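The values are calculated or read from the model by the stated rules, or taken from the named source; none is laboratory data. No experiment lies behind these values; they were computed from the predicted model shown. For neighbour counting, all protein chains shown are included, and Cβ atoms are generated from backbone atoms with ideal geometry for every residue, glycine included.
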Amino acid sequence: MPESHTVYLALGSNLGDRQGNLIEAIQSLRANIQIEQVSSVYESADAYVPHQPAFLNVAVKGATWLDPRDVIRFVYRIERRLGRVRRERYLPRPIDIDLLAYDDYVVASADLTLPHPHMAERAFTLVPLAEIAPDWVHPTLGQTPGQMLAALGSPDGVRRVERGLAARLDRDVQEETPSTRLRLDRAGVTGLQRIIRLSTMKNQLYHAHLNLFVELDAEQKGAHMSRFSDTVEEVLDEFAGSEAATIESLADRVAQQLVTGQRAHRADVEIRAHFPMSKHAPLSGKLTQEIYTLIGIAAATPQRSVSIIGVEADGIMACPCAQDMVRTAARERLIEDGIDIATADRVLDLVPLATHNQRGRGTLMVGLPYPLRPTDPPLVRAQDLVEIVEASMSSENYDLLKRPDELFVVQKAHRHPRFVEDAVREMLCNFVEMYPDLPDDTYIAARQVNLETIHKHEVFAERAGRLVDLREELRGGVGHRTTLEMWLSQQVGT
């Protein structure tokens with residue numbers, strides 16, 4: 001990894017939206033400089049040309065892997081982008097960025113001088129620099145910013161701006177009473193994207209999409225939208241050193257934090273991330289990486305939280321109805337051609353019969369009726385859920401197949417024709433068999449969508465409920481219907 005270097009920069013603006021220019025310049029610097037400290041904002045008259053607009057100035061400390069000349073070229077690009085034109089010195093300008101120091105480098109050449117040659121004579125530079133780097137020592141003068149400032153005398157012309165870089169907010173609009181007083185079930189953000197690390201998936205990084213919501217009281221006008229993103233960052237930082245982070249524990253922690261940060265009665269979080277599993281093709285044994293979707297859902301109130309783990313996987317579905325029609329038509333043709341009925345039936349039993357195929361997408365989600373700590377071993381494994389979903393369809397599919405593998409997959413799919421309803425029932429039955437010891441109040445939801453080939457629509461089926469009800473139905477009894485929202489509300493008491 002390239003060596004990191006400490007840099008100090010001075011930023012000033014006296015043209016246009018001065019505050020906005022400084023904010024945009026600092027944000028632009030982050031592309032190549034890790035910003036560590038930003039001083040307060042100070043206002044001062046132009047030190048060189050009278051009757052010009054006053055400057056706003058800040059000092060910035062950061063770390064960079066660029067060399068000094070690349071830093072200069074980088075800040076020049078930012079200045080041009082923000083509208084600075086270098087025709088002559090000391091004209092009003094929307095932004096001025098000076099490299100004050102780069103580590104303890106001392107350079108004096110035609111294109112670069114470090115430290116900045118005019119630093120010691122500029123109070124508008126030394127005042128903000130002394131705030132963020134009081135112990136920094138000029139490598140040739142041997143003085144701190146405060147000592148250089150004292151040598152100039154009293155910096156009466158440099159005034160701290162109370163508002164700084166923050167926008168002025170006269171009132172908190174979100175906390176006001178709305179004109180129409182109705183409670184909202186959900187308000188929040190969708191499609192938030194982050195990179196997350198899941199140690200239960202070999203501590204790898206995954207691209208995740210998050211949907212975050214809070215229940216909004218009838219007396220509150222709006223949710224604090226920026227807090228959703230802030231909460232995610234806080235939780236990701238908290239879990240960064242964890243060796244047992246699961247997607248459901250991440251969702252659970254974010255939901256708990258949202259309840260606190262938004263002062264909400266309830267928060268709901270959904271995280272979806274793609275994760276890989278290595279698999280071998282059925283006959284050739286070729287190793288291939290298959291991508292699945294991992295799902296974490298959580299709901300939280302001030303008193304309690306609950307989470308759900310789920311997966312989504314694709315496979316092949318072969319239609320039983322069309323296959324039966326093909327069998328009937330083939331049987332009639334064989335008999336018409338003089339083949340006896342017994343032989344025709346035997347042939348049709350031996351040979352895979354044509355039907356129309358669909359790509360199926362199965363989803364299986366599981367929620368435990370009690371929260372798990374991040375350090376607890378998972379009771380339900382995502383890899384097991386993938387196995388259940390794929391086994392519930394006519395056949396699994398693969399990204400990489402040789403011809404013998406293709407034959408195997410096609411024949412397997414046609415040996416196990418299934419309706420979309422069959423896949424859902426198989427998922428539930430397979431889960432009950434694989435996890436016989438989970439508590440009765442465990443929640444299971446199975447969903448199957450088949451992307452049709454001979455129709456212009458898709459077909460869909462789903463079932464959800466408590467494990468006790470599914471077990472009862474599989475024994476021939478009658479179970480009760482429980483939706484995801486019903487189960488989550490029962491668990492968190494809403």
query = Is region 29-42 home to any residue that is more than 21 Å from Leu114 (Cα to Cα) and exposed (fewer than 15 other Cβ atoms within 10 Å of the Cβ)?
reply = yes
message = Being in contact with a strand residue (DSSP E or B) (Cβ under 8 Å, 6 or more places away or on another chain) and closer than 22 Å to Ser307 by Cα is true for just one of Val389, Val409, Val420. Which residue is that?
response = Val389
task = Identify, from the list Gly12, Gly20, the residue that is more than 28 Å from the chain's Cα centre (by Cα), of a type in the set (Gly, Ala, Ser), crowded, with 22+ Cβ neighbours inside 10 Å and within 23 Å of Val127 (Cα to Cα).
result = Gly12
task = Could you tell me which numbered condition Pro436 fails, if it satisfies all but one of (1) touching a strand residue (DSSP E or B) at 6+ places or on another chain (Cβ under 9 Å); (2) of a type outside the set (Ser, Thr, Tyr); (3) more than 30 Å from Glu215 (Cβ to Cβ)?
result = (1)
ask   = Does Val347 fit the bill of being touching a residue at least 12 places away in the same chain (Cβ under 8 Å) and surrounded by fewer than 16 Cβ atoms within 10 Å (Cβ to Cβ)?
value = yes
ask   = From the residues in region 465-494 that are without any contact (Cβ under 8 Å) to a residue 24 or more places away in the chain and among the hydrophobic types (A, V, I, L, M, F, W, C), which one is surrounded by the most Cβ atoms within 10 Å (Cβ to Cβ)?
value = Met486
message = Name the residue that is modelled with the lowest pLDDT, counting only residues in region 26-60 that are among the small types (Gly, Ala, Ser) and more than 12 Å from Leu165 (Cα to Cα).
response = Ala47
Residue, surrounded by the fewest Cβ atoms within 10 Å (Cβ to Cβ), within region 94-115, restricted to residues that are part of a loop (DSSP other than H, G, I, E, B) and out of contact with any strand residue (DSSP E or B) (no Cβ under 7 Å at 6 or more places or on another chain) = Ala110
